[in-house]
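Below is one structure; the comments refer to it alone.
The values are calculated or read from the model by the stated rules, or taken from the named source; none is laboratory data. Quantities reported herein were computed from a predicted structural model and do not represent experimental measurements. All Cβ positions, glycine included, derive from the backbone under ideal geometry; neighbour counts span all protein chains shown.
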Amino acid sequence: MISREFLLDVSRLVWRNWSHRLATGIDRVCYAYLRNFGPRSQAVVQYRGVARILTERHSDELFETLLEPDEVFRRRLSLLAPRALAASARAVDGRGTFYINVGHTDIDLSRLLGWTRRSRVNPIYLIHDLIPLTHSEFCRSEAIERHRGRVVNALFSAAGVIANSRATAAELELYGRSHGIPLPPITSAWLAGARLAQDDVVPLKSGRHFVCVGTIEGRKNHFMLLQVWQRLVERLGPAAPKLVLIGQKGAEAAHVESMLERGRGMSDHVVILSHCPDEELGRWIRTARALLLPSFAEGFGLPVIEAMELGTPVIASDLPCFREIGVGIPTLLDPLDAVAWERTILSFLDLCPERARQLRMLKEYSAPTWGGHFAQVESWLEELRTVRRPFMFHPGPDRRSTPVVVRRDGAERHAPDRLQTSRPER
């Protein structure tokens, strides 16, 4: 049944296209992996850990359909799904085929891990961040438990784990060591941003506006930005710059809307764009005085890459991932220091020395590419073909599973009870 080099899990993209949700950063990564690995892969689709492998022909049809506009996708999927599922397989002998899952899809479920073990496939997972574990105050309890399951299961069961940055890789390694989990091979490979710099796109007229890109939720620290803008409006009146918030509203967006309603004059200076196509996004970023990212935690930060590629200065939180991918260009500030943010934003309205420094450095900036990412990942995968981990994950009855280390001699031992610890020791 498995006749191609890879198995590619596209369950997340099927859900995204069907639900008409705007693509998130993780979705963009899934699309990039689809374009790179699709021609050499068979599709895996799953629901709650029950996985099916599509035939070559049906895989190609699904991959092509996933790249269609959403309205076309629904129609084509409705015609494809009955045929594809009827001809699909559950039980296979993968004989070491790489199973690639870069969307975090159901890695926390023991049922999926049991399938990878029985099917003798080598799972490759991409972990985008550990935010629900390192900054649980910004996440719902269910999200924390699910992500703990993803991280623990991935570390125990994967033939290899891809991290989007050295910062994420370091957090993964720390978590594994502090919980007594034998670490799989881990590689860090930078992601590439969306193609926003299109020659045929006429930019907006450069003005006095700043842009903040990302889901509107507590972790992104929009509330602090709005406090800064309230003071700027009170201080400058009609001359205050415009703040453009680009992103879908998350579970904690109510406080942003409430502040906009209460703040005097705020509605004239703050705009929320919940639906912003890439062409329009590129225009807003390219003509902004700076991109603002005051997040409390990030795993990578695609908007930083995208803004710098467009030649736009960046003011961001002083986080390990921003220090890494920013390569010394962005102005980094404490996300709690609202005074420093206000002072810096005011200075960027003019050609201050710090903004001039960024503009000079941006002329020589070379953004990461998907070509570079996949060259690194595929070279690493070739190395992994000769490496066999001496343990696997034995699925248990619950979501967290029952970790069991399987030695080369076939004997089993249960993993340490410390796996139930809620947070890694810092």
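Quick grid of which residues meet (1) over 13 Å from the mean Cα position of the chain (by Cα); (2) among the hydrophobic types (A, V, I, L, M, F, W, C):
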{"residue": "Arg16", "(1), (2)": "yes, no"}
{"residue": "Tyr31", "(1), (2)": "no, no"}
{"residue": "Pro39", "(1), (2)": "yes, no"}
{"residue": "Gln42", "(1), (2)": "yes, no"}
{"residue": "Val45", "(1), (2)": "yes, yes"}
Unique match (being surrounded by fewer than 19 Cβ atoms within 10 Å (Cβ to Cβ) and not assigned by TED's automatic domain parsing to the domain that holds Thr215) among Arg12, Arg21: Arg21
Where a residue in region 227-248 is in the same structural domain as Arg262 (by TED's automatic domain parsing) and its partner, wherever it lies, is among the basic types (Lys, Arg) and in a helix (DSSP H, G or I), with Cβ under 8 Å and at least six apart: Gly247/Lys220
Which fully enclosed strands (runs of 3 or more DSSP E) of region 259-331 have 3 or more residues being buried (at least 18 other Cβ atoms within 10 Å of the Cβ)? 291-293, 314-317
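If you go through region 345-356 one residue at a time, do you hit one that is surrounded by fewer than 20 Cβ atoms within 10 Å (Cβ to Cβ), among the polar types (S, T, N, Q) and in contact (Cβ under 8 Å) with a residue 60 or more places away in the chain?
For region 345-356, residues surrounded by fewer than 20 Cβ atoms within 10 Å (Cβ to Cβ), among the polar types (S, T, N, Q) and in contact (Cβ under 8 Å) with a residue 60 or more places away in the chain: absent.
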Based on what the data block shows, is Leu85 within 23 Å of His20 (Cβ to Cβ), in contact (Cβ under 8 Å) with a residue 24 or more places away in the chain and in contact with a Leu (Cβ under 7 Å, 6 or more places away or on another chain)? no
From the set of residues in region 88-101 that are at pLDDT 95 or above and not polar (S, T, N, Q), which is nearest to Ala189 (Cα to Cα)? Ile100
Residue count, region 324-336 (criterion: touching a Leu at 6+ places or on another chain (Cβ under 9 Å) and free of Cβ contacts under 8 Å to residues at least 60 places away in the same chain): 4
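Would you tally the residues in region 98-111 being assigned to a loop (DSSP other than H, G, I, E, B), buried (at least 21 other Cβ atoms within 10 Å of the Cβ) and not acidic (Asp, Glu)? Quick ask: steps written out before the conclusion?
Filtering region 98-111 down to residues assigned to a loop (DSSP other than H, G, I, E, B) leaves 102-109.
From what's left, buried (at least 21 other Cβ atoms within 10 Å of the Cβ): 102-103, 105-109.
From what is left, the residues that are not acidic (Asp, Glu) are 102-103, 105, 107, 109.
Of the residues in region 98-111, 5 are assigned to a loop (DSSP other than H, G, I, E, B), buried (at least 21 other Cβ atoms within 10 Å of the Cβ) and not acidic (Asp, Glu).
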The lone condition Val339 fails out of (1) in a helix (DSSP H, G or I); (2) free of Cβ contacts under 8 Å to residues at least 24 places away in the same chain; (3) farther than 22 Å from Glu217 by Cα is (3)
Here the residues within region 48-63 that are part of a helix (DSSP H, G or I) and surrounded by 14 or more Cβ atoms within 10 Å (Cβ to Cβ) are Glu56, His58, Ser59, Asp60, Glu61, Leu62, Phe63
Reported set for region 1-19 where residues are in a strand (DSSP E or B) and among the aromatic types (Phe, Trp, Tyr) is Phe6
Residue match in region 102-110 (condition: in contact with a helix residue (DSSP H, G or I) (Cβ under 6 Å, 6 or more places away or on another chain), farther than 29 Å from Ala158 by Cβ and modelled with pLDDT under 95): no
